[in-house]
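Peer 1: The structure's right below; bear with me while I get my questions together.
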């Protein structure tokens, strides 16, 4: 059962052949902010299967979904938005998000990644990073999610 105060969401840990994971710098945040990075994530449409949603979100956010799902976190993970953010995000309808996370293997070339294919880009820059590095690069209210994903998906980081 889902708490209606949380928006259903998917997250994508996209691994390259070297076992590094895709991270993008969030649009709308200061470029120098240490916690302005995150993995692709996005809402699940009504009636949409989470696995289909993660592939759609990849295409929307990074311009390609040339990937295959190689794993899935066993639980839904939840985070609360800070009060100031919750009041404006999603028109104040949700206090946070409930996420289903997937591990995916990137099958394309780096040239396939195009952050500007969507009219409202999610990211301004991207890079590959060590999975273990991610918790220190995200906003504090998402840190526990990234710690859980880094631990659970470490088996995919071997390449």
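Peer 1: Restricting attention to segment 13-34, does a residue exist that is without any contact (Cβ under 8 Å) to a residue 60 or more places away in the chain, assigned to a helix (DSSP H, G or I), out of contact with any strand residue (DSSP E or B) (no Cβ under 7 Å at 6 or more places or on another chain) and more than 19 Å from residue 132 (Cα to Cα)? Walk me through how you get there before you give the answer.
Peer 2: At the first step, the residues of segment 13-34 found to be without any contact (Cβ under 8 Å) to a residue 60 or more places away in the chain are 28-30, 32-33.
With the extra rule that they be assigned to a helix (DSSP H, G or I), the set shrinks to none.
No, because not a single residue in segment 13-34 is without any contact (Cβ under 8 Å) to a residue 60 or more places away in the chain, assigned to a helix (DSSP H, G or I), out of contact with any strand residue (DSSP E or B) (no Cβ under 7 Å at 6 or more places or on another chain) and more than 19 Å from residue 132 (Cα to Cα).
Peer 1: Another question about this same structure. Can you tell me how many residues in segment 38-76 are outside any strand (DSSP E or B), in contact with a helix residue (DSSP H, G or I) (Cβ under 6 Å, 6 or more places away or on another chain) and within 15 Å of residue 118 (Cα to Cα)?
Peer 2: Of all residues in segment 38-76, those outside any strand (DSSP E or B) come to 39-40, 44-66, 73-76.
Add one more test, that the residue is in contact with a helix residue (DSSP H, G or I) (Cβ under 6 Å, 6 or more places away or on another chain), and what stays is 40, 44, 64-66, 73.
Next cut, within 15 Å of residue 118 (Cα to Cα) only: 40, 64-65.
Looking only at that region, the number is 3.
Peer 1: Can I ask one more? Do we find a residue being modelled with pLDDT under 95, surrounded by 14 or more Cβ atoms within 10 Å (Cβ to Cβ) and out of contact with any strand residue (DSSP E or B) (no Cβ under 6 Å at 6 or more places or on another chain) anywhere in segment 64-79?
Peer 2: For segment 64-79, residues modelled with pLDDT under 95, surrounded by 14 or more Cβ atoms within 10 Å (Cβ to Cβ) and out of contact with any strand residue (DSSP E or B) (no Cβ under 6 Å at 6 or more places or on another chain): absent.
Peer 1: Can you give me the number of residues within segment 77-113 that are part of a strand (DSSP E or B) and in contact with a helix residue (DSSP H, G or I) (Cβ under 6 Å, 6 or more places away or on another chain)? Steps first, answer last, please.
Peer 2: Kept after step one, since they are part of a strand (DSSP E or B), are these residues of segment 77-113: 77-80, 96-106.
Those left that are additionally in contact with a helix residue (DSSP H, G or I) (Cβ under 6 Å, 6 or more places away or on another chain): 77, 79, 100-103.
So the answer is 6.
The values are calculated or read from the model by the stated rules, or taken from the named source; none is laboratory data. The structure displayed is predicted, hence computed values, not measured ones. Cβ sites come from the backbone with ideal geometry, for glycine too, and all protein chains shown count toward neighbours.
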